[in-house]
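Asks: Have a look at this one.
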Amino acid sequence: MDRILRAEIVAEVKRSMTEILEVANEQWITGEELCKRFQMFSPGWLKAYGDRLPRQRAEVHDDGMKASRWAYPMHKIARMIQNGTIKEL
């Protein structure tokens, strides 16, 4: 096995493990909690640009009323900050 193939295999295993752990241990947090944990985000920034972050709407239906909030994947956003892809938003 040459160096290049070995490096490609190691990189793919690392990427796969990161992806698996990110999905298995992901924590979905509110926008308020996101601003507390990652202080570069403000409530105003989330209101204007939050749609550029990965997020899901959490909806609750109770007695005909619907309440919803955005939920953000904390580990995925942390990885985006760490590897610099957050700059591409």
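Rule-based calculations on the coordinates, nothing more; no lab input. Every value quoted in this text rests on a predicted model; they were computed, and no experiment measured them.
Asks: What Rg and what Dmax come out for the chain when only alpha-carbon atoms are used, in angstroms?
Replies: Values for the chain (Cα only, Rg and Dmax): 17.2, 64 Å.
Asks: With θ set to phi - 60° and the Karplus curve 6.51 cos²θ - 1.76 cosθ + 1.60, what are the ³J(HN,Hα) couplings of segment 76-82 in order, to the nearest whole Hz, using x for Gly and Pro?
Replies: Once θ is set to phi - 60°, the couplings for segment 76-82 become 5, 5, 4, 5, 4, 5, 5 Hz.
Asks: Which of 70, 28, 45 moves the most in a Gaussian network model of the chain with Cα springs under 10 Å?
Replies: Looking only at 70, 28, 45, the biggest GNM fluctuation is shown by 45.
Asks: Per DSSP H run of n ≥ 4, the term is -39500 (n - 2.57); total these for the chain, divide by its residue number, and report the mean residue ellipticity at 222 nm rounded to 500 deg cm²/dmol. List each step's numbers first, then the result.
Replies: Values: 4 runs with 46 residues, N = 89.
My calculation for the chain gives -16000 deg cm²/dmol from helical runs alone.
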